[in-house]
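Have a look at the structure below before the remarks.
The numbers here are math on the coordinates, done by the rules we state, and not lab data. On a predicted model such as this, the values are computed, not experimentally measured, just so you know. Methodologically, a virtual Cβ is constructed for each residue, glycine included, from the backbone with ideal geometry; neighbour enumeration extends over all protein chains shown.
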Amino acid sequence: MARVPVAEGIFTWPSDDPRLTGSRCGACGIVTFPAQASCPRCASTGMAEHRLPRRGRLWAWTTQEFPPPSPPYAGPTDDAFVPYGVGYVELGDEVRVETRLTRTEGLEAGMEMELVLVPFRTDDDGNEVVTFAFQPVV
Ligand SMILES: [Zn+2]
């Protein structure tokens with residue numbers, strides 16, 4: 001079974017040290033995730049690819065108790081659905097990223113989190129589709 005990323009250009013792939021790929025404005029320095037073609041602050045189009053720090057701090061979170069609307073959600077539904085954590089992780093002082101969390105319990109505001117790549121679903125070709133999540137650093 002091959003492993004494939006859930007989307008191109010969201011994170012470095014393949015990689016033993018995965019990083020999210022955002023963008024940084026050459027004019028005002030704001031960092032975005034996902035990458036954007038123009039700056040949401042100053043409207044400059046001088047956005048450059050920017051690899052985000054792998055570790056950050058948990059800012060807020062909740063539990064997704066039911067499958068989100070589909071589309072865009074393309075993961076397991078019905079009996080195959082397993083509730084998962086979602087939250088915001090602040091990476092450095094650069095950007096807050098909306099992300100899956102690898103667990104829903106034992107979380108604390110400000111705890112250190114690390115990017116990991118996790119199985120998401122199996123596609124029609126039998127490939128394991130991989131997405132990103134954050135887990136507490138132990
Ligand atoms: Zn800007």
Dmax and Rg, reported as Rg then Dmax, of the chain (C-alpha, Å) | 15.8, 49
Can you tell me which of 41-48, 71-78 comes out highest on packing, and rank the rest after it, using the mean Cβ neighbours within 10 Å?
-> 41-48, 71-78
Sorting F132, G29, V116 by the position of each Cα along the dipole of the chain (Lys, Arg +1; Asp, Glu -1; all at Cβ), the one nearest the positive end of that ordering is G29
Kirkwood Rh and Cα Rg combined as Rg/Rh, segment 1-47 = 1.12
Under 5 Å from the placed amide H of R19, counting only residues 5+ away or on other chains, we find T12
Name the residue farthest towards the positive end of the dipole of the chain from the options A48, A74, T63, assuming +1 on Cβ of Lys and Arg, -1 on Cβ of Asp and Glu, about the Cα centre.
-> A48
Total formal charge among the other residues, if their Cβ is under 15 angstrom from that of E94, Lys/Arg +1 and Asp/Glu -1 | +4
Only Lys, Arg (+1) and Asp, Glu (-1) charged, at Cβ; segment 59-113 dipole about Cα centre in debye = 120 debye
Beyond 15 Å, the calculated P(r) of segment 61-138 holds a percent of Cα-Cα pairs equal to 61 percent
To the nearest 20 debye, what charge dipole does the chain have about its Cα centre, counting +1 at the Cβ of each Lys and Arg and -1 at the Cβ of each Asp and Glu?
-> 540 debye
Which residues qualify? For S44, with a placed amide H closer than 5 Å and at least 5 residues away or on another chain, they are C39
Using the Karplus equation 6.51 cos²θ - 1.76 cosθ + 1.60 (θ = phi - 60°), what ³J(HN,Hα) coupling, rounded to whole Hz, does each residue of segment 41-55 give in order, writing x for Gly and Pro?
-> 9, 10, 6, 4, 9, x, 8, 10, 4, 9, 7, 7, x, 6, 10
Which far-off residues, 5 or more places away or on another chain, put their amide H under 5 Å from the one on Q36, with H placed in the peptide plane?
-> S23
Could you state the number of Å between the C-alpha centres of segment 2-29 and segment 109-138?
-> 13 Å
